[in-house]
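The values are calculated or read from the model by the stated rules, or taken from the named source; none is laboratory data. Computed from a prediction, not measured in an experiment: that's the story for all the values here. All Cβ positions, even for glycine, are placed from backbone atoms using ideal geometry, and neighbour counts span all protein chains on display. Note: accessible area is taken over every heavy atom of the protein model, side chains too, but ligands, DNA and RNA are not part of it. Shrake-Rupley method; radii C 1.70, N 1.55, O 1.52, S 1.80 Å.
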Amino acid sequence: MGKNREDLLAGAKRCLIEKGYTRTTARDIANAAGVSLAAIGYHFGSKETLLNEALFESMKEWGDSLEAALTGETDQDATPMERFETVWRRVMDTFEELRPLWVTQFEIVGQIDHLPEMREHLAAGLQAARFGLAEVFSQIDPAAEPERARVLGSFYQAMLSGLLMQWLVDPASAPTARDVTEAMSLISRGT
């Protein structure tokens with residue numbers, strides 16, 4: 001990959017964090033990358049293609065970071081609920097560090113009807129995330145049990161999205177990992 005192309009991707013990632021998806025202009029990216037406006041067209045064809053690629057790379061980096069956090073050591077003597085709480089605490093610990101990326105993703109979801117390429121990419125990403133979450137939380141091999149992985153992964157993805165939205169809007173009163181674990185315990189007991 002050429003230096004200008006790399007610089008443009010890095011500049012687009014910075015713009016996504018600083019300005020978001022819809023407020024970033026081609027000039028913003030070119031300035032952040034230290035290249036000419038023409039370089040965007042030459043390397044990517046359009047600002048949208050560049051921003052999409054920068055966002056996809058950022059999301060993959062987040063996914064790799066989250067996977068590393070989630071697959072960390074856990075107490076072998078811990079109960080399933082204690083392991084559940086530990087994993088959710090690790091997930092929630094990534095929220096602050098990656099707040100700009102989350103804000104950008106929610107911004108895109110609000111514009112999804114106008115971004116068909118982004119819809120396709122996000123839909124594919126959701127499928128992979130569901131399987132990954134099922135594997136991490138429930139130790140399910142998606143290849144061996146695809147339907148079970150889909151169902152449980154969809155539940156974990158819904159929890160993640162809901163928790164994240166609450167945290168973005170009102171972090172001071174958003175549920176903690178302990179709150180989520182207690183709620184799961186109450187649900188499982190039927191109370």
Subject >> helices (runs of 4 or more DSSP H) contained entirely in region 1-111, each with at least 2 residues that are under 20 Å from Arg130 (Cβ atoms) and open to solvent by less than 40 Å² (accessible area, probe 1.4 Å) >> reply: 47-70, 80-97, 99-110
Subject >> All positions within region 130-139 that are part of a helix (DSSP H, G or I) and open to solvent by 70 Å² or more (accessible area, probe 1.4 Å) >> reply: Glu135
Original post:
Counting only residues that are among the small types (Gly, Ala, Ser) and open to solvent by 40 Å² or more (accessible area, probe 1.4 Å), which one in region 112-129 is nearest to Met165 (Cα to Cα)?
Top reply: Ala123
**OP:** Would you please name the residue that is nearest to Val151 (Cα to Cα), looking only at residues in region 98-134 that are without any contact (Cβ under 8 Å) to a residue 60 or more places away in the chain and among the β-branched types (Val, Ile, Thr)?
**Re:** Val109
**OP:** Quick one: in region 171-191, of everything that is among the β-branched types (Val, Ile, Thr) and surrounded by 10 or more Cβ atoms within 10 Å (Cβ to Cβ), which residue is farthest from the chain's Cα centre (by Cα)?
**Re:** Thr181
Original post:
So which residues in region 155-170 are closer than 18 Å to Glu85 by Cα and open to solvent by less than 70 Å² (accessible area, probe 1.4 Å), if there are any at all?
Top reply: Tyr156, Gln157, Ala158, Met159, Leu160, Ser161, Gly162, Leu163, Leu164, Trp167
**OP:** Would you mind stating whether Pro142 is surrounded by fewer than 16 Cβ atoms within 10 Å (Cβ to Cβ) and over 14 Å from Arg89 (Cα atoms)?
**Re:** no
